[in-house]
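Single-structure report; data block below.
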Amino acid sequence: MDTEALRERALTSLATARDRTTLLTSCVDEPDLTAQHSPLMSPLVWDLAHIGNQEELWLLRAVGGREAMRPEIDSLYDAFEHPRAERPSLPLLAPAEARTYASEVRGRALDLLAAADFHSTRLTEAGFAFGMIAQHEQQHDETMLITHQLRKGPQALTAPDPKPAPLFTGPAEVLVPGGSFTMGTSLEPWALDNERPAHPRKVAPFWIDTTPVTNAAYQGFIEDGGYGTERWWSPKGWAHVRRHAISAPLFWRKEGGQWLRRHFGVTEPVPADEPVLHVCWYEADAYARWAGRRLPTEAEWEKAARFDPTTGRSARYPWGDAGPGPEHANLGQQHLRPAPSGSYPAGESPLGVRQLIGDVWEWTASDFLPYPGFRAFPYREYSDVFFGSEYKVLRGGSFAVDPVACRGTFRNWDYPIRRQIFSGFRTARSERD
Ligand code: AVJ
Ligand code: FE
């Protein structure tokens, strides 16, 4: 993309993010914005001002060289100074002030964008800082959508359901050839530090599910006594589900022999053909073992998503290099749920794997680790401080992820106990098993 196309993309990406932020923070009343709906989450009004504060830090101050607008609020919105559970007791900006602050920052950021030199520094090269800030806002929009899902009370958000897709009748799994492929990227202009650099990675041949594991399949595990059978679980997973008496995905309950779930304020029968949602890594890992399979490694997932055996190269997305359209993937909160497993034929990979992008984040077997040659940029607190064995990698994005923050190389991570996130999974097996 040339400079003016990137500038245009930055402008529309920032505007799309702000429209979504506005939607998520205007569909509930003021007490709902300042309340903490779960100790796992910030009050929505914290996310709102934090979005503005990060934009001020990176665009106005780092790129523009401006003075702090309100230096006294920086520490309130520093995610590392105050854990989420503490945030409601801070002297946060009230909703109206937070909105004004974020929109003043935005006005100045757009002035900068119009004049920014996209070649002068690493931060502005190809518009990176603007793309990073649009992705940051969209990531917090997903976080706010999780807060909405956790919130008690009547439905505040609506969206049309995904179009019903013809029943998927293809094979249940596909064989991905072994050998080296290119993992990560050095070319994608707005790829974040942990996706870089591109490097060769060798993977042994493996089979991977063509579609994400469905609620119906997951119910098979439950009805077979999966939650009560120690041998399906890792030792830590077993201890966790015992200790917290976990016996189904988050938000599920059984009533009169039927599984129901609470979904954005509405109780509904668990939809049999949708990808399972709101499971933790331990549950995904146990299900896979019960099914005689395992979770794919992160490298396997990326090879399945990007490797084209006819060209031998890694594409940006499963369907090729073109950006996601509504025919490819369920992204951007266009719908408030994943589409049935087997949807999006136009988004399948060259080997025929479906829904790798969008619908549900997919747990992988892998810890969150840096690629060889990793360099923290522009700040260590984005990725670097999280590397290690505490976090598991999720790939592919959910229905709540905007296209600007989603690609075949994009990496997400969370604790293996987390399940308020829009997480599901698919399974794999080694060729020789
Ligand atoms: C990449 C989703 C794990 O929300 O903690 C937002 C993204 N980083 N602000 C998170 C992020 C800083 C991050 N995740
Ligand atoms: Fe943040």
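With respect to the conditions (1) farther than 21 Å from Ser349 by Cα; (2) part of a loop (DSSP other than H, G, I, E, B); (3) within 11 Å of ligand 1 (Cβ to nearest atom); (4) hydrophobic (A, V, I, L, M, F, W, C), Val401 lacks only one, and its number is (1).
Does Asp78 satisfy the condition of being among the acidic types (Asp, Glu), in contact with a Leu (Cβ under 9 Å, 6 or more places away or on another chain) and closer than 19 Å to His136 by Cα? If you could, list the steps in order and put the result at the bottom.
Values: among the acidic types (Asp, Glu): yes; in contact with a Leu (Cβ under 9 Å, 6 or more places away or on another chain): no; closer than 19 Å to His136 by Cα: yes.
When the stated conditions are applied, Asp78 does not pass them.
Taking the conditions (1) surrounded by 15 or more Cβ atoms within 10 Å (Cβ to Cβ); (2) within 16 Å of ligand 2 (Cβ to nearest atom); (3) of a type outside the set (Asp, Glu) in turn, Arg108 satisfies each one other than (2).
Ser38 fulfils the conditions (1) in a helix (DSSP H, G or I); (2) within 16 Å of ligand 1 (Cβ to nearest atom); (3) farther than 22 Å from Ala10 by Cβ except for a single criterion, (1).
Is the range 146-162 home to any residue that is within 16 Å of ligand 2 (Cβ to nearest atom) and closer than 20 Å to Cys406 by Cα? Spell out how you get there, then give the answer.
First pass over the range 146-162, keeping only residues within 16 Å of ligand 2 (Cβ to nearest atom): 146-147.
Filter once more, so that each one left must be closer than 20 Å to Cys406 by Cα: 146.
Yes, the range 146-162 contains at least one residue that is within 16 Å of ligand 2 (Cβ to nearest atom) and closer than 20 Å to Cys406 by Cα.
Conditions tested, residue by residue: (1) surrounded by 20 or more Cβ atoms within 10 Å (Cβ to Cβ); (2) within 27 Å of Ile146 (Cβ to Cβ).
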residue: Phe307; (1), (2): yes, no
residue: Gly312; (1), (2): no, no
residue: Gly332; (1), (2): yes, yes
residue: Pro340; (1), (2): yes, yes
residue: Ala346; (1), (2): no, no
residue: Pro350; (1), (2): no, no
residue: Asp367; (1), (2): no, yes
residue: Arg375; (1), (2): no, no
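Of the residues making up the range 195-230, just one is touching a Pro at 6+ places or on another chain (Cβ under 7 Å) and either over 30 Å from Ala165 (Cβ atoms) or outside the structural domain of Ser430 (by TED's automatic domain parsing) (or both), namely His199. Close Cβ contacts (under 7 Å, 6 or more residues apart or on different chains) running from residues in the range 128-140 that are of a type outside the set (A, V, I, L, M) to residues that are within 12 Å of ligand 1 (Cβ to nearest atom) and part of a helix (DSSP H, G or I) comprise Gln135/Ala405; His136/Gln54; Glu137/Ile51; Gln138/Ala405; Gln139/Ala405; His140/Asp47; His140/His50; His140/Ile51. The condition (being assigned to a helix (DSSP H, G or I) and in contact with a strand residue (DSSP E or B) (Cβ under 9 Å, 6 or more places away or on another chain)) is satisfied by just one residue among Gln149, Gln155, Gln135: Gln149.
In this structure, Leu92 qualifies as part of a loop (DSSP other than H, G, I, E, B), at pLDDT 95 or above and within 16 Å of ligand 2 (Cβ to nearest atom). All conditions in (1) of a type in the set (D, E, K, R); (2) more than 16 Å from ligand 2 (Cβ to nearest atom); (3) over 20 Å from Phe128 (Cα atoms) hold for Glu81, with the sole exception of (2).
What is the residue count in the range 315-363 for residues that are without any contact (Cβ under 8 Å) to a residue 40 or more places away in the chain and of a type in the set (Phe, Trp, Tyr)? Number of matching residues: 1.
For the range 61-78, taking the residues that are within 16 Å of ligand 2 (Cβ to nearest atom) and among the aliphatic types (A, V, I, L, M), the one that is surrounded by the fewest Cβ atoms within 10 Å (Cβ to Cβ) is identified as Ala62.
The values are calculated or read from the model by the stated rules, or taken from the named source; none is laboratory data. Just so it is clear, the model here is predicted, and its values are computed rather than measured. Glycine also receives a Cβ, built like all others from the backbone with ideal geometry; neighbour counts cover every protein chain displayed.
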